[in-house]
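Following: one structure in structure tokens, then a few remarks.
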Amino acid sequence: MLKILEEFDGKILPNVETERLNLRQRTIADAADIFTYASLPEVAYPAGFPPIEKIEDEVYYLEHVLPKSQAEQQLPSGYGIKLKGEDKMIGSVDFNHRHADDVLEIGYTLHPDYWGQGIVSEASAALIELGFTLLNLHKLELNCYDTNKQSQRVVEKLGFTLEARIRDRKDVQGNRCDDLRYGLLKSEWESAHG
Ligand SMILES: CC(C)(COP(=O)(O)OP(=O)(O)OC[C@H]1O[C@@H](n2cnc3c(N)ncnc32)[C@H](O)[C@@H]1OP(=O)(O)O)[C@@H](O)C(=O)NCCC(=O)NCCS
């Protein structure tokens, strides 16, 4: 169940709600919440970035790095994840790369206290629906390390297909691992969602 709560202005994705979640644009007011999970090695390393060392770095990222990359790649903003009725931001689900005019990549992270409850799957399903309806994308992609079994399970549940295994790359810590490339076509998503 996806409920769109405001008009889409063509740039910033509208605030939405799903069965259990509120999704809305992350701002610097969320930096302290985001820091609690983005500073954890078990969140950061599998997601492909070094753990954030101080809140100021997260503020800088939200204020400068994220808007710059969104502007350069013409990416619509992504979301922070909140449980309905709670104020704390517990994760994110984003369009993090543009591969073509109608092909975007998604990425996600979640505070470990909330892992295994289907939260990122629910949030990603909403982002995917917006990608194929509001943004009229043709395809969504996702990359993950082959060591990241949770993320592989999430993309499989979302209906993505494994398209390539790029062998013997290195993860962000320098350990050898394969890179997995997943894709989901709009037509496949439409067939699955009637
Ligand atoms: C990946 C991540 C976002 C998943 O979020 P989540 O809300 O816990 O995901 P879900 O609950 O929807 O699904 C997780 C699935 O992985 C499964 N899982 C958990 N540990 C697993 C393991 N070691 N091996 C295989 N599957 C595993 C769960 O059982 C669940 O599948 P199920 O619904 O069939 O039972 C979260 O673990 C995270 O933030 N990890 C660190 C950051 C990251 O890896 N980001 C993605 C980069 S590509």
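The numbers here are math on the coordinates, done by the rules we state, and not lab data. All of these numbers come straight from a predicted model, not from anything done at the bench. Every residue, glycine among them, receives a Cβ derived from its backbone with ideal geometry; neighbour counts consider all protein chains shown.
Return the loop-located GluC sites (Glu not before Pro) in the stretch 1-97 (DSSP other than H, G, I, E, B) with at most 16 other Cβ atoms within 10 Å of their own Cβ; answer none if there are none.
Glu6, Glu7, Glu19, Glu53, Glu86
Once backbone amide H atoms are built at 1.01 Å from N, Asn15 has Leu5, Glu6 as its partners under 5 Å, excluding neighbours fewer than 5 places away on the same chain.
On the basis of the beta-carbon distance and an R0 of 25 Å, Ile4 and Glu188 show a calculated FRET efficiency of 0.65. Taking Lys and Arg as +1 and Asp and Glu as -1, the other residues whose beta-carbon sits under 11 Å from that of Glu19 total +1. For the listed residue pairs Lys82/Lys139; Lys68/Lys157; Lys11/Lys68; Lys3/Lys82, the alpha carbons are over 20 angstrom apart in Lys82/Lys139; Lys68/Lys157.
Straight-line reach from Lys149: taking Cα to Cα under 15 Å and skipping same-chain neighbours fewer than 8 places apart, the aspartates and glutamates in range are Glu42, Asp171, Asp178, Asp179.
How would the stretch 1-116 be classified by its alpha-carbon gyration tensor: rounded, prolate or oblate, with rounded meaning a/c under 1.5 and the a/b versus b/c comparison settling the rest?
Oblate, since a/c reaches 1.5 and b/c is not below a/b.
Which shape class applies to the stretch 3-193: rounded if a/c is under 1.5, otherwise prolate when a/b exceeds b/c and oblate if not, where a ≥ b ≥ c are the square roots of the Cα gyration tensor eigenvalues? In terms of gyration-tensor shape, rounded. Could you tell me which residue out of Ser187, Leu110, Leu13 lies farthest along the dipole of the stretch 3-193 toward its positive end? Charges go on the beta carbon: Lys and Arg +1, Asp and Glu -1, centred on the Cα centre. Result: Ser187. Taking 14 Å as the straight-line reach from the Cα of Lys84, the aspartates and glutamates in range (excluding those fewer than 8 positions away in the same chain) are Glu17, Glu19, Glu122.
For Leu75, no residue 5 or more places off, or on another chain, has a built amide H under 5 Å of its own. Here the Karplus relation 6.51 cos²θ - 1.76 cosθ + 1.60, evaluated at θ = phi - 60°, turns the backbone of the stretch 48-60 into coupling constants of x, 9, x, x, 5, 8, 8, 4, 4, 5, 5, 4, 4 Hz, with x for every Gly and Pro.
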